[in-house]
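Asks: Handing you a structure now.
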Amino acid sequence: MTTSRALYLEDNFLRECDATVISIKDGKYVVLDQTIFYPNGGGQPYDTGKLLKNGETFNVIYVGKFSGEISHEVDRPGLTFGDRVHCILDWERRYLFMRSHTAAHVFASQLCLGTGALVTGNQLEVDKIRFDFSLEKFDREILEEYIEKANELFKQDIPVKSYILSRGEALNIPGIIKMAEAFPPDIPNLRVVEIVGVDRQADGGTHVKSLKEVGQIVLLKAENKGKQNRRVYFKLV
Ligand SMILES: [Zn+2]
């Protein structure tokens with residue numbers, strides 16, 4: 001079996017594409033030769049949408065990556081090996097996660113730069129963004145300050161770019177790995193997401209093209225999760 005081409009990494013703004021079914025399991029887990037559907041992972045939820053075959057619609061209800069294969073779960077049987085399908089994303093859902101993902105990088109960059117905090121996890125959700133980090137001193141005022149700094153950046157037309165660097169080149173960039181524990185696997189190349197003048201991070205997610213697209217963020221809740229572990233929730237407005 002050949003591996004699917006991840007078109008969503010090459011162009012975050014692709015909403016439709018044609019593809020061929022290269023594998024199908026239990027009638028509803030579909031692997032395509034190329035796909036625009038983002039699989040659940042890296043704190044970004046899966047895309048939804050549909051596959052069309054000769055006027056028939058198969059709704060994509062979950063997308064995951066299993067043993068390196070991007071598997072699309074559809075809501076009914078009927079697809080077979082070799083079928084040509086037209087893929088359409090639920091763009092509203094995806095674009096929300098693109099804005100959220102870029103927002104999370106900007107907030108992380110401001111907080112980490114300003115306080116030396118280390119990111120320990122983050123999860124985008126439809127109605128909020130969860131962000132975990134380790135930091136000794138912690139109060140709501142500090143967080144509000146970094147939310148404000150991020151919001152100032154979201155008022156500017158700052159470009160967001162992505163490109164591939166060799167592992168060596170990428171790991172030479174200070175702060176490229178924001179996660180405290182997650183170190184990239186031993187692969188020759190890393191995809192880098194750069195918010196020009198603000199942040200560069202090794203990342204496999206989808207992002208907007210300009211910080212202006214994000215809008216603004218507001219702090220929802222801040223929690224202590226142990227001695228140095230902190231959790232905040234914020235949302236797009
Ligand atoms: Zn990311």
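Rule-based calculations on the coordinates, nothing more; no lab input. On a predicted model such as this, the values are computed, not experimentally measured, just so you know. Here the Cβ is made from the backbone with ideal geometry for all residues, glycine too, and neighbour counts use every protein chain on show.
Asks: Within straight cross-link reach of residue 53, meaning Cα distance under 24 Å, which lysines are found once same-chain residues fewer than 8 apart are removed?
Replies: Once the sequence-local lysines are set aside, what remains near residue 53 is 25, 28, 65.
Asks: What's the whole-number percent of alpha carbon pairs in the chain lying beyond 31 angstrom?
Replies: Looking at the chain, the distances longer than 31 Å represent 28 percent of pairs.
Asks: Summing +1 for each Lys or Arg and -1 for each Asp or Glu, what net charge is found among the other residues whose Cβ lies under 12 Å from the Cβ of residue 22?
Replies: 0
Asks: Which distance in Å, rounded to a whole number, links the C-alpha centroids of the range 24-95 and the range 183-233?
Replies: Between the Cα centres of the range 24-95 and the range 183-233 lies a distance of 26 Å.
Asks: I would also like to ask the following. Efficiency by 1/(1 + (r/R0)^6): what FRET value for residue 11 and residue 93, r their Cβ-Cβ distance, R0 = 22 Å, to the nearest 0.05?
Replies: E(calc), rounded to 0.05, equals 0.80.
Asks: Now for a separate question. Helix-only estimate, please: 222 nm mean residue ellipticity of the chain, summing -39500 (n - 2.57) across DSSP H runs of length 4 or more and dividing by its residues, to the nearest 500.
Replies: -6500 deg cm²/dmol
Asks: Can you tally the lysine pairs in the range 94-236 where the Cα-Cα distance is under 17 Å and the two residues are eight or more apart, or on different chains?
Replies: 14
Asks: Could you tell me what % of all Cα pairs in the range 5-89 have separations over 15 Å?
Replies: Every Cα pair in the range 5-89 considered, those over 15 Å come to 51 percent.
Asks: Here's another thing I want to ask about it. For residue 81, what is the net charge nearby, where nearby means another residue's Cβ is under 12 Å from its Cβ and Lys, Arg count +1, Asp, Glu -1?
Replies: 0
Asks: Moving on. From the phi of every residue in the range 125-140, what ³J(HN,Hα) in whole Hz does the Karplus formula 6.51 cos²θ - 1.76 cosθ + 1.60 yield, where θ is phi - 60° and glycine or proline is x?
Replies: 10, 4, 10, 6, 10, 9, 9, 10, 8, 10, 7, 6, 7, 7, 8, 4
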